[in-house]
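Rule-based calculations on the coordinates, nothing more; no lab input. Note that this is a predicted model, so its numbers are computed, not measured. In this analysis, Cβ positions are derived from the backbone assuming ideal geometry, glycine residues included, and neighbour counts consider all displayed protein chains.
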Amino acid sequence: MKLVIPLAGFGSRMRPHTWTKPKPLINVAGKPFLGHLLDKFAPLPIDELVIIYGWLGDQIQEYVEENYGHYHPWFVEQTELKGQSHALWQAREHLTGDGIVVYVDTYFETDWSVLDRPDCDGVAFVKEVSDPRRFGVVELDDVGYVTRFIEKPESKENKKVIIGLFWFNDLEWLVRCIDLQMQSGQMLGEEYYLADAYQLMVEQGAEFRIHSVDVWQDTGKPETTLQTNRHLLDHGFDNSTEVTALQAVIVPPCHIAPGVTIENAIVGPYANVGPGAVIRNAIVRNSLIDAGATIEDIFIEGSLIGEVAQVKGEPRRLNIGNSATAGIAYVVDESWR
């Protein structure tokens, strides 16, 4: 079984962090998000991994080869960002047999047993949401087969959203439909969306089922990345009981990496602190503190602090990139509260 992950985007919604680090390598709950994602496929017989990368792809390749080399990874560069279908088209020579396509922003929890008994050509993993208009959705017939894939619907009527996780019995069929889609110029805006290729498969007779996931978290924006961090800390990644600190209080759940200095501070709940960070005379909660950062004389909450950044003073909520220094406050959206 192939596992295909397109991740060539710039991650512009996660700047300034993605100026120096690709979005999938942002650390949540003790490891890069890409690691959490790849771990979800451990129960499956994955024999080949296909990574379609772009911006800062050398960092992606190094991380995967060092930590997930047993998946026999292939790396394909997408030099022009023309959408999801275009990304898979770049890797078409590797897309054979059955396989899974997953978007790198997607964290999920599901029952893989659906793949043991597929009576179809593909399975779309879905989650019902209140407002589906910025996602792709499915319409079903009376017996549960997909009749239509719609990218970014105009109404809220159909709430079954494709979460960015799909199994195909025949990846080559998908590639043929992507070829047809691109030849006909079937785009939304300036991008080729996979929902249109899926729809071409349906029109050619492919039968798709859906499978609802138990949990779906998105890591495309700072507030949703913090939410994913909270979910992971609540579900197995809390190591707060293993942490010793000088005159400090660690409020679970948290993940504190080795080599962190915490003095006269309160850390947590929902703090993820990278190796070598220093937290002194401070309160840090619901935040991601990257490796080597220094947090002093401050209360921060709902913040993302990059590697080797230094934060001192008055701020409450920050989004600070690598090696930056901050000592004054500015306000970011607090709708996550």
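Principal semi-axes of the equivalent ellipsoid, √(5λ) from the alpha carbon gyration tensor of the stretch 199-271, are 42, 12, 9 Å from largest down. Size estimate for the stretch 48-142 follows the Kirkwood approach: the inverse of mean 1/r over distinct Cα pairs works out to 16.0 Å.
Quarter the surface of the alpha carbon convex hull of the stretch 97-177 and you get the mean projected area, 6.1 square nanometres. Once a ≥ b ≥ c are taken as the square roots of the eigenvalues of the Cα gyration tensor of the stretch 1-45, is the result rounded (a/c under 1.5), prolate (a/b larger than b/c) or oblate (a/b not larger than b/c)? Since a/c reaches 1.5 but b/c is at least a/b, the shape of the stretch 1-45 is classed as oblate. In the stretch 116-186, which GluC sites (Glu not before Pro) fall in coil by DSSP and have 16 or fewer other Cβ atoms within 10 Å? Here the GluC sites (Glu not before Pro) that fit, given the DSSP loop and packing criteria, are GLU154, GLU157.
The ranking of THR147, THR225, THR106 from fewest to most other beta carbons within 10 Å of each one's beta carbon is THR147, THR106, THR225. Taken over the Cα atoms of the stretch 2-223, the convex hull encloses 127 Å³ per residue. Computed over the chain, relative contact order equals 14 percent, with contacts defined as Cα pairs under 8 Å that lie 6+ residues apart. Ellipsoid fit via the Cα gyration tensor, the stretch 1-102: semi-axes of 21, 18, 11 Å, each the root of five times an eigenvalue, largest first. For the residue pairs LYS21/LYS152; LYS159/LYS221; LYS40/LYS156; LYS40/LYS160; LYS82/LYS156, alpha carbon separations beyond 25 Å are given by LYS21/LYS152; LYS40/LYS156; LYS82/LYS156. Translational diffusion coefficient of the stretch 210-314 (Stokes-Einstein, Kirkwood radius from Cα pairs, 37 °C, 0.692 mPa s): 238 µm²/s.
Per-residue ellipticity at 222 nm, computed for the chain from helices alone with -39500 (n - 2.57) per DSSP H run of at least four residues, works out to -5500 deg cm²/dmol.
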